1. Cβ under 9 Å from ARG164's Cβ, ARG164 left aside: what net charge do those residues give with Lys, Arg +1 and Asp, Glu -1?
2. Mind running the shape call on the stretch 88-177? Use the C-alpha gyration tensor, a ≥ b ≥ c as the square roots of the eigenvalues: rounded below 1.5 for a/c, prolate if a/b tops b/c, oblate otherwise.
3. For the full complex of protein chains and a 1.4 angstrom probe, list MET1, MET38, MET153 by accessible area with the highest value first.
4. Quick one: what are the phi-derived ³J(HN,Hα) couplings along the stretch 124-136, Karplus 6.51/-1.76/1.60 with θ = phi - 60°, whole Hz, x for glycine and proline?
5. Please arrange TYR86, TYR109 by accessible surface area, largest first, computed with a 1.4 Å probe and ligands excluded.
6. Using only the heavy atoms of the protein chains and a 1.4 Å probe, how would ARG23, ARG164 rank by accessible area, largest first?
Amino acid sequence: MRFIQNRPEENYHTDDAANIYFRRSAQRAPTYLHCVGMGFALCAHSEAEFNVELAPFELIGVGAFGIARPTDAVSNTKWTGDSHKYGVYKHRNSLLILESHGGGEHGYYERHSHAIELFDGLCATLSPERIWDICYLIATTENRAYRKGRHEMSVLFLENRLKRRKRHGSYRLEILPETAVMHAPAPSLT
């Protein structure tokens with residue numbers, strides 16, 4: 001992945017068909033991007049966030065929204081063209097999806113993807129609008145899973161069901177069952 005600037009003092013963008021701009025990059029081209037994990041990497045027993053080196057990745061597909069279409073069945077709002085786009089990249093067996101919209105750029109990363117051949121085929125045969133649909137589905141699913149997990153941890157914290165335990169010299173988080181909390185005496189406010 002290479003980056004270029006159209007003019008000095010403007011943000012850098014990818015030098016490929018995806019043309020993904022990076023916020024706060026006017027002084028120097030980005031080399032890494034903080035990405036959230038996809039698939040197995042998003043689960044609780046694995047790393048969920050990565051600082052991904054961008055240089056080795058190669059573009060395999062562009063997800064462009066295309067002509068204006070409603071955002072949902074209820075709203076009259078329409079998205080158009082390049083206002084929200086995706087670049088699908090690969091490096092060996094790693095898959096990277098870059099999302100670009102008014103909120104900036106976001107990365108979704110799978111270090112050891114079993115879907116490289118699938119994405120190669122999809123990106124080679126599908127239109128940019130269909131690639132956009134697939135990438136949007138992935139990004140929305142990943143974001144909802146992250147928010148759901150964060151919400152569940154907040155509820156556990158508020159219910160006083162999270163306990164830090166030290167075992168074999170290291171700390172771990174333990175989730176207490178509901179029954180243990182329900183029968184425990186209420187904390188005193190005095």
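1. Details: positive: LYS163, ARG165, LYS166, ARG172; negative: GLU174.
After counting each charged neighbour, the total is +3.
2. Details: a/c = 3.38, a/b = 2.08, b/c = 1.62.
Cα axes put the stretch 88-177 in the prolate bin.
3. Values: MET1 30, MET38 10, MET153 75 Å².
The residues order as MET153, MET1, MET38, largest area first.
4. 6, 10, 8, 6, x, 5, 6, 5, 4, 4, 5, 5, 4
5. Per-residue accessible area, sorted high to low, gives TYR109, TYR86.
6. Numbers: ARG23 95, ARG164 170 Å².
Reading off the accessible areas and sorting them downward yields ARG164, ARG23.
The values are calculated or read from the model by the stated rules, or taken from the named source; none is laboratory data. Remember, it's a predicted structure, so these values are computed and weren't measured experimentally. Note: ideal-geometry Cβ built from the backbone for every residue, glycine included; neighbour counts use all protein chains shown. For the accessible areas, the whole protein counts, side chains as well, though only heavy atoms, and no ligand, DNA or RNA atoms are used. Shrake-Rupley method; radii C 1.70, N 1.55, O 1.52, S 1.80 Å.
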